[in-house]
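Bear in mind that the values in this text are calculations on the coordinates, not laboratory data. As the structure is a computational prediction, the values presented were derived from the model and not from experiment. Reconstructed Cβ throughout: ideal geometry from the backbone, glycine too, with neighbour counts over all protein chains shown.
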Amino acid sequence: MAEKIKQLMLMVKKEKEPLIDKSIKRQHKLQATGIKVFYNNFEAIKGIDMNIKANKVTAFIGPSGCGKSTFLRLFNRMNDYIDGFRVEGEISIDGKDIYRKKVNVEQLRKQVGMVFQKPNPFPKSIFENVAYGLKIQGIKDKKFLQEKVEESLKQVSLWEEVKDDLNKSALALSGGQQQRLCIARTLAVEPSIILMDEPTSALDPISTAKIEELIFELKSKYTIVIVTHNMQQAARISDRTAFFYMGELVEYDSTKKIFTNPEKKQTENYITGRFG
Amino acid sequence: MNNIKKNRLKDKLFKVWGIACTLLGLVLLSVFIGSILIDGLQRIDWDFITNLPSRSAERAGIYTALTGSVWILVLTTIIALPLGIGAAIYLEEYAKKGKLSSILEVNISNLAGVPSIIYGLLGLEVFVRILEMGASILAGSFTLALLILPIVIVSTREAIKAVPKSIRDASYALGASKWQTVSMQLLPASFGGILTGIILALSRAVGETAPLIVIGALAYVPFAPSSPMDEFSVLPIQIFNWISRPQKGFEVNAAAAIIILLLITFIMNAIAVYFRNKWQKKLNN
């Protein structure tokens, strides 16, 4: 009985979430308009407009320091903690500006998950890692947590490998397993968007292949934006690709077009490895 | 060829110098400990620990001073811990990095270098007189808490700072608030480091004499303290008192009390080292 009430409350909670209105189906999940980003006086992003479609994989490519990671981190406001950070323009998710004053940043980050460059599991058990996102929402129901942890680990195909020792430290896993654990941890809070900041750059080819496969499977349920330095990876897994250079969006189109017939000379030069 | 030989010679010379430096410290310490042990070890028995102070050296014990030290240690911990950790968390995680926070930082580091007798004078004025605590254990604990606060703050900040930024990122990215990140990730991950700093600070507090003499701790207390408002003595003061007496018997007592005091600090340091190693292992593997 008590569990049912809790789950019911959880559902009510979800319905109340003001940020994402699921009844309005918009073509564009994420919209950025006139975005400029400053770190003190340095202009890291110089006016970018971009729309990102739901349930697609969008790849950001470009040389180091081109602003692609900064741009990615705008969508879950992870730049907010950097000293001297300032953003101009509007970023909206499902039509709602996420930099409004009223926005609850914690709530936003539950909707917009993030996977980082280096696998960064908490120095806790595998179970605790996946359950953390739920626990901080105040969910204590053990059975619910267990189910959710299992479900999330299954989604990233890690369940079979770790099901017998969920209490083992997450730090004892291999790098590839750790990164899949981090993705599972993100999935457990049920985001609708997942941001990935070079998620495979610290992994070996086999682990990379597993993550790429996973991204492919996840896209039916989530909107995925991925920053990558690996051209082949962008070509393999993304539907649309954006090429950034020096804080500007040079070209943004379907991945096929970008890699076979780019409009701009700069894009072609970068993709063919002539610079960057 | 000549050059290589020269370098090798320099290398050897420096090695010898380094060994000499290390040995000097070790030798001095072991001579000191050895002479203390020779003098005092025969005096240590259960009676010595449980006897009240006395005019005759043979019957005198450290019971009141030891209980005084334990009281001071416990109360100082209770006072300094929340204040020090709270301040450290604020400075490290909440405070905006700017001029004000860097001024605060420099001043806290400076406070760590203020002579302890100055803290005694502060304690005398603020706790003993203005707050009317008298020359009590409570006043002594507050004074020592102030004394070790800078050390606790600095070491706690270092421990929190040592938690990789990626842990913070991961926590925030999952929708954790600042306090959740601090309490559920940063504090557990830095627990060993924080504890190490606190134990080292406390082992300094347990050896402090000057500030407690200034606030009026007594050399002779006939009864063991039973409440925070009681008058008290502590081991270092008892040692100081015994050494300053002319009779030979009290010198032996002092040596014995020094052994007990050293034992307490060594044990505390050992605990600190243990936790530091355990914590480093946890973060690194």
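General remarks:
- Backbone amide hydrogens, once placed in the peptide plane, bring A:Val250 within less than 5 Å of A:Phe243, A:Phe244, A:Tyr245, excluding anything fewer than 5 places away on its chain.
- Residues whose amide H comes within less than 5 Å of that of A:Ile226, counting only those at least five positions distant or on another chain, are A:Thr58, A:Ala59, A:Phe60, A:Met196 (H built at 1.01 Å from N in the peptide plane).
- With Cα atoms, 0 to 90° folded angle of helix A:2-16 axis to chain A main axis: 20 degrees
- Choice from A:Phe144, A:Phe216, A:Phe42 with maximal GNM fluctuation in chain A (Cα, 10 Å cutoff): A:Phe42
- Most fluctuating residue given options A:Pro199, A:Pro121, A:Pro262, as computed from a GNM of chain A linking Cα atoms under 10 Å: A:Pro262
- Projected over all directions and averaged, the alpha-carbon convex hull of region A:24-66 occupies 4.1 nm².
- Low-density loop cleavage sites - trypsin sites (Lys or Arg not before Pro) in region B:2-106, where at most 16 other Cβ are within 10 Å (DSSP): B:Arg55, B:Arg59, B:Lys96, B:Lys97
- Residue-averaged 222 nm ellipticity for chain B, from DSSP H runs of 4+ at -39500 (n - 2.57), nearest 500: -23500 deg cm²/dmol
- Estimated 222 nm signal from helices in chain A, with DSSP H stretches of n ≥ 4 weighted -39500 (n - 2.57), rounded to 500: -11000 deg cm²/dmol
- Residue of A:Gly67, A:Gly47, A:Gly113 that the Gaussian network model of chain A assigns the largest fluctuation, springs spanning Cα pairs under 10 Å: A:Gly47
- Counting only lysines at least 8 places from A:Lys46 when in the same chain, those with an alpha carbon closer than 21 Å to its own are A:Lys36, A:Lys68, A:Lys264, A:Lys265.
- Qualifying lysines (Cα of each under 19 Å from Cα of B:Lys6; at least 8 residues distant if same chain): B:Lys15
- In straight-distance terms, cross-link reach from B:Lys99 covers every one of the lysines whose alpha-carbon lies under 24 Å from its own, apart from those fewer than eight places away in the same chain; here that gives B:Lys161, B:Lys165, B:Lys178.
- At 1.306 mPa s and 10 °C, Stokes D of region B:70-197 from Kirkwood alpha-carbon radius, µm² per second: 100 µm²/s
- Entry for the protein assembly as shown at q = 0.11 Å⁻¹: log10 I(q)/I(0) = -1.02, Debye formula applied to identical alpha-carbon scatterers, no solvent contribution.
- Over 26 Å between alpha carbons, listed pairs A:Lys124/A:Lys154; B:Lys12/B:Lys281; A:Lys56/A:Lys163; A:Lys53/A:Lys124; A:Lys101/B:Lys97: B:Lys12/B:Lys281; A:Lys56/A:Lys163; A:Lys53/A:Lys124
- Taking GluC sites (Glu not before Pro) in DSSP loop states with no more than 15 other Cβ atoms inside 10 Å as exposed sites, chain B has its longest site-free stretch at B:133-285.
- Screening chain B for DSSP H helices whose Cα atoms reach 15 Å or more along their own axis and whose mean Kyte hydropathy is at least 0.0 gives B:2-40, B:63-89, B:99-111, B:137-161, B:187-205, B:248-284.
- Residues whose amide H comes within less than 5 Å of that of A:Ala44, counting only those at least five positions distant or on another chain, are A:Val37, A:Phe38, A:Tyr39 (H built at 1.01 Å from N in the peptide plane).
- The charge dipole of region B:37-99, taken about the Cα centre with unit charges on the Cβ atoms of Lys, Arg (+1) and Asp, Glu (-1), comes to about 400 debye, rounded to the nearest 20.
- For region B:1-49, the fraction of alpha-carbon pairs lying more than 18 Å apart is 60 percent, rounded to a whole number.
- Coarse-grained scattering of region A:109-251 at q = 0.11, 0.12, 0.15, 0.16 Å⁻¹, given as base-10 log I(q)/I(0) from a Debye sum over alpha-carbon atoms: -0.40, -0.48, -0.73, -0.82
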